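Asker: What follows is a single structure, and I will ask about it in a moment.
The values are calculated or read from the model by the stated rules, or taken from the named source; none is laboratory data. Only a predicted model underlies this, so the values are computations on that prediction, with no experimental measurement involved. Backbone-built Cβ (ideal geometry, glycine too); neighbour counts: all protein chains shown.
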Amino acid sequence: MSDVVGYDGRAVVGGVRIGARSGATISAISPVTGTSIAELASFDADDVRNAVSGAAAAFESGVWSRASADDRKATLLRLADIVEGRSDEFARAETLSMGKPIAEANAVDIPGSVATLRWYAELIDKVAGEIPVTPPGSTALVSRVPLGVVGAITPWNYPLEIAVWKIAPALAAGNSVVLKPAETSSITALMLADCAIEAGLPAHVLNVVTGPGSVTGEALVRDDRLDALTFTGSTATAKHLMVASGETGLRRLSLEAGGKSANLVFADVDDIVLAAEKAAFGAYYNQGEVCSANSTILVQREILDAFVEAFRTAALGYTPADPLDPASAAGALVSERHADGVEAAIDEARAAGARVEGGARRTLGNSSAYIDPAIILDLPSDHRLHSHEIFGPVAAILPFDTEEEAIRIANRSGYGLAASVWTGSVARAHRVAGRLTAGTVSVNTVDAIGLTTPFGGFKQSGFGRDLSVHALDNYTGLKTTWIQHG
Ligand code: ADP
């Protein structure tokens, strides 16, 4: 890993790289190398205000907000091509930033981001307005208009992809964007902003400000010129952003917060081994650092032993290894500190009398941010860990006897992001799916997600939807133009 070079950690404002006016930086410590891979500009409130000023002025100027749909589409398609052309570089930066295996960054994160850019670029000239029925002598047009300056605050588990989920529809609709990526994993967002300039996006339309959430993020949220705020991250921060936004001024909010998703495996499932393999994927993929991870696995008692046996085998496939090795299926957690928290949750389960298989902490190279996939069995069903988002490679398996009981356990976490159901009965699939409180219910698969379907949650998982045409609701308003002509 001696060939790891440092990345440019300066922010992107007005189409150029700039440091904080104070000169302050924070180190981006790679969980792969254990060393700093970038000195990120640490923006204070003045730096952020400056970025928002530019974004607001760009919006007012119309250089992007009133550009033709064809121009916006062509620019975003060029951006997609440029990112695609630099796929290897993006994948490597993503892996070094947050520890995911490079094979996944290459197969999922980067192509997913490129596809998202293309999808919204192609969408923008296909969304038509409405002409509602109005009294004779009048015609009303209802059109979708961009909101203005969109603040986007994003997490570290899919640094590029989730940033693009926000940026692509926001830009396609004509907004200006100020993005604050997670402090630990900002590099690919900065690279994206460089690519946007190369693609011909006017300066100040996409800005990336870096620094700690409590300073840089807070300053962004407190700027009363933000017309919309879109966020993905923890429920605690989402709640704070609602309060801070309310104190600052009315604006559109879309908040994708935490989750604690259940996977219900019924005894009438067609293929127990397939269900177990997919369940392991749902719990351990991306080191379990997925807001919709299916980390509570509810298995009907008749098939519990057979399921656990198959699950145990599947879990071994997520044993962490060098994230830069293309053969690795699991990598490092985002930081040693985060791994400490995951380890503490595993210890807590053990102390509560659970049987824990796996879950050992590992050191690879200079970093101890690695944890073996953990299976938690026999944890009392009312234990707080069953409703607590661990955000690591930890799955709890609980038996149930009846459909009612499974639905009750699945719905009690307080979150409402995702759920999965495995059954060979179409009637049961509909019955159970209809009663699960979740933005997405996957039947006979886990954690289904696609560009064309909305992603987001209910209850403590937040509101607003990423992906699909519905994401435009976060970044556009409906405008009525009423013409009286008779
Ligand atoms: P996680 O626990 O997954 O890191 P957070 O909610 O803490 O989730 O972080 C998600 C994003 O929110 C990050 O970009 C982080 O910097 C940002 N953030 C955290 N606190 C604040 C805050 N007070 N104001 C604005 N942004 C914040």
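Asker: Any residue in segment 382-405 that is hydrophobic (A, V, I, L, M, F, W, C), over 30 Å from PRO320 (Cα atoms) and part of a strand (DSSP E or B)?
Answerer: First, the residues of segment 382-405 that are hydrophobic (A, V, I, L, M, F, W, C): 385, 390-391, 394-398, 400.
Applying the additional criterion that residues be over 30 Å from PRO320 (Cα atoms) yields 400.
Then drop every residue that is not part of a strand (DSSP E or B), which leaves 400.
Yes, the conditions are met somewhere in segment 382-405.
Asker: Can I ask one more? Consider ARG66 against the criteria (1) touching a Leu at 6+ places or on another chain (Cβ under 9 Å); (2) on the phi < 0 side of the Ramachandran plot: it satisfies all of them except one. Which criterion is unmet?
Answerer: Of the numbered conditions (1) touching a Leu at 6+ places or on another chain (Cβ under 9 Å); (2) on the phi < 0 side of the Ramachandran plot, the odd one out for ARG66 is (1).
Asker: Which of the residues belonging to segment 393-412 are of a type in the set (D, E, K, R) and under 29 Å from ASP340 (Cβ atoms)?
Answerer: Pass one, segment 393-412, residues of a type in the set (D, E, K, R): 401, 403-405, 408, 412.
Correct list: ARG412 only.
Asker: What pairs come out if I take residues in segment 168-184 that are farther than 19 Å from VAL209 by Cβ and pair them with residues that are within 16 Å of the ligand (Cβ to nearest atom) whose C-beta lies under 8 Å away, six or more apart or interchain?
Answerer: none
Asker: Still on this structure: When you scan segment 145-186, how many residues do you find that are under 11 Å from the mean Cα position of the chain (by Cα), part of a helix (DSSP H, G or I) and within 18 Å of LEU226 (Cα to Cα)?
Answerer: So the answer is 2.
Asker: Right, here's the next one. Taking segment 54-68 as the region of interest, how many residues are surrounded by 14 or more Cβ atoms within 10 Å (Cβ to Cβ) and in contact (Cβ under 8 Å) with a residue 60 or more places away in the chain?
Answerer: Total meeting the criteria: 10.
Asker: Residues being touching a Lys or Arg at 6+ places or on another chain (Cβ under 8 Å) and surrounded by fewer than 24 Cβ atoms within 10 Å (Cβ to Cβ): count how many of those fall in segment 376-412.
Answerer: Just the residues of segment 376-412 that are touching a Lys or Arg at 6+ places or on another chain (Cβ under 8 Å), to begin with: 376-378, 386-389, 399-401, 403, 407, 411.
With the extra rule that they be surrounded by fewer than 24 Cβ atoms within 10 Å (Cβ to Cβ), the set shrinks to 377-378, 386-389, 399-401, 403, 407, 411.
Number of matching residues: 12.
Asker: If you check LEU264 against the conditions, is it within 16 Å of the ligand (Cβ to nearest atom) and either buried (at least 22 other Cβ atoms within 10 Å of the Cβ) or of a type in the set (A, V, I, L, M) (or both)?
Answerer: Working: within 16 Å of the ligand (Cβ to nearest atom): no; either buried (at least 22 other Cβ atoms within 10 Å of the Cβ) or of a type in the set (A, V, I, L, M) (or both): yes.
Criteria not met by LEU264.
Asker: Can you tell which of LEU253, LEU192, LEU206 is over 22 Å from ILE29 (Cβ atoms), crowded, with 24+ Cβ neighbours inside 10 Å, of a type in the set (A, V, I, L, M, F, W, C) and touching a residue at least 40 places away in the same chain (Cβ under 8 Å)?
Answerer: Numbers: LEU253 fails: crowded, with 24+ Cβ neighbours inside 10 Å; LEU192 fails: over 22 Å from ILE29 (Cβ atoms).
Every option except LEU206 fails the conditions.
Asker: Could you please tell me which pairs satisfy a Cβ distance under 7 Å, a separation of 6+ or placement on different chains, a first residue in segment 258-272 that is closer than 25 Å to GLY457 by Cβ, and a second residue that is of a type in the set (Phe, Trp, Tyr) and at pLDDT 95 or above?
Answerer: Qualifying pairs under 7 Å: GLY258/TYR415; GLY259/TYR415; LYS260/TYR415; LEU264/TRP422; VAL265/PHE307; VAL265/TRP422; PHE266/TRP422.
Asker: Need pairs with beta-carbon distance below 6 Å; first residue in the same structural domain as PHE391 (by TED's automatic domain parsing) and buried (at least 19 other Cβ atoms within 10 Å of the Cβ) and within segment 215-239, second part of a loop (DSSP other than H, G, I, E, B) and of a type in the set (D, E, K, R); sequence gap 6+ or separate chains.
Answerer: If the second residue must be part of a loop (DSSP other than H, G, I, E, B) and of a type in the set (D, E, K, R), no pairs are left.
Asker: (1) in contact with a Pro (Cβ under 8 Å, 6 or more places away or on another chain); (2) surrounded by 19 or more Cβ atoms within 10 Å (Cβ to Cβ): which one isn't true of PRO155, the others all being true?
Answerer: (1)
Asker: Among the listed residues ALA203, ALA182, ALA170, ALA196, identify the single one that is small (Gly, Ala, Ser), over 17 Å from VAL52 (Cα atoms) and in contact with a strand residue (DSSP E or B) (Cβ under 8 Å, 6 or more places away or on another chain). Give the derivation first.
Answerer: Details: ALA203 fails: over 17 Å from VAL52 (Cα atoms); ALA182 fails: in contact with a strand residue (DSSP E or B) (Cβ under 8 Å, 6 or more places away or on another chain); ALA170 fails: over 17 Å from VAL52 (Cα atoms).
Exactly one of ALA203, ALA182, ALA170, ALA196 is small (Gly, Ala, Ser), over 17 Å from VAL52 (Cα atoms) and in contact with a strand residue (DSSP E or B) (Cβ under 8 Å, 6 or more places away or on another chain), namely ALA196.
Asker: Separate question: Hey, among the residues in segment 434-486 that are surrounded by fewer than 20 Cβ atoms within 10 Å (Cβ to Cβ) and of a type in the set (Phe, Trp, Tyr), which one's nearest to ALA173 (Cα to Cα)?
Answerer: PHE463
Asker: On to the next question. If you take the residues of segment 209-228 that are more than 9 Å from the ligand (Cβ to nearest atom) and among the aliphatic types (A, V, I, L, M), which of them is nearest to ILE26 (Cα to Cα)?
Answerer: Restricting attention to segment 209-228, the residues satisfying the condition of being more than 9 Å from the ligand (Cβ to nearest atom) are 209-210, 223-228.
In the following step, the residues that additionally are among the aliphatic types (A, V, I, L, M) were identified as 209, 226, 228.
Working: VAL209: 13, LEU226: 25, ALA228: 27 Å.
Among them, the one singled out is VAL209.
Asker: Right, next: Testing SER97 on (1) at pLDDT below 95; (2) assigned to a helix (DSSP H, G or I); (3) hydroxyl-bearing (Ser, Thr, Tyr), one condition comes back false. Which one is that?
Answerer: Condition not satisfied by SER97: (1).
Asker: While we're on this one: Within segment 239-259, can you find the residues that are more than 7 Å from the ligand (Cβ to nearest atom), closer than 20 Å to ARG465 by Cβ and not hydroxyl-bearing (Ser, Thr, Tyr)?
Answerer: Scanning segment 239-259 gives LYS239, MET242, ARG251, ARG252, LEU253, LEU255, GLU256, ALA257, GLY258, GLY259.
Asker: Does THR232 satisfy the condition of being within 16 Å of the ligand (Cβ to nearest atom), under 21 Å from ASP466 (Cβ atoms) and β-branched (Val, Ile, Thr)? Please lay out each step first, then the result.
Answerer: Values: within 16 Å of the ligand (Cβ to nearest atom): yes; under 21 Å from ASP466 (Cβ atoms): yes; β-branched (Val, Ile, Thr): yes.
So THR232 passes the test.
Asker: Now a separate question. Restricting to segment 132-157, name every residue that is more than 25 Å from SER61 (Cα to Cα), more than 16 Å from the ligand (Cβ to nearest atom) and in contact (Cβ under 8 Å) with a residue 40 or more places away in the chain.
Answerer: Filtering segment 132-157 down to residues more than 25 Å from SER61 (Cα to Cα) leaves 132-140, 154-157.
Narrowing further to those that are more than 16 Å from the ligand (Cβ to nearest atom): 132-140.
The answer is THR134, PRO136, GLY137, SER138, THR139, ALA140.
Asker: Kindly indicate whether any position in segment 365-379 is part of a helix (DSSP H, G or I) and at pLDDT 95 or above. Break it down into steps so the answer makes sense when it comes.
Answerer: Our first condition is that a residue be part of a helix (DSSP H, G or I); within segment 365-379, this holds for none.
Checked segment 365-379: no residue is part of a helix (DSSP H, G or I) and at pLDDT 95 or above.
Asker: Going through segment 158-172 one residue at a time, which ones are surrounded by fewer than 24 Cβ atoms within 10 Å (Cβ to Cβ) and more than 16 Å from the ligand (Cβ to nearest atom)?
Answerer: Of all residues in segment 158-172, those surrounded by fewer than 24 Cβ atoms within 10 Å (Cβ to Cβ) come to 161.
Scanning segment 158-172 gives no hits.
Asker: Determine whether segment 113-131 contains at least one residue that is away from the ligand (no atom under 16 Å from the Cβ) and among the polar types (S, T, N, Q). Can you show your working first?
Answerer: At the first step, the residues of segment 113-131 found to be away from the ligand (no atom under 16 Å from the Cβ) are 113-131.
This time we only want the ones that are among the polar types (S, T, N, Q), so: 113, 116.
Scanning segment 113-131, I find at least one residue that is away from the ligand (no atom under 16 Å from the Cβ) and among the polar types (S, T, N, Q), so the answer is yes.
Asker: Of the residues that make up segment 270-285, is at least one within 15 Å of GLY392 (Cβ to Cβ) and surrounded by fewer than 24 Cβ atoms within 10 Å (Cβ to Cβ)?
Answerer: Narrowing segment 270-285 to residues within 15 Å of GLY392 (Cβ to Cβ): 280, 282-285.
Imposing the further condition that a residue be surrounded by fewer than 24 Cβ atoms within 10 Å (Cβ to Cβ) reduces the set to 285.
Yes, segment 270-285 has at least one match.
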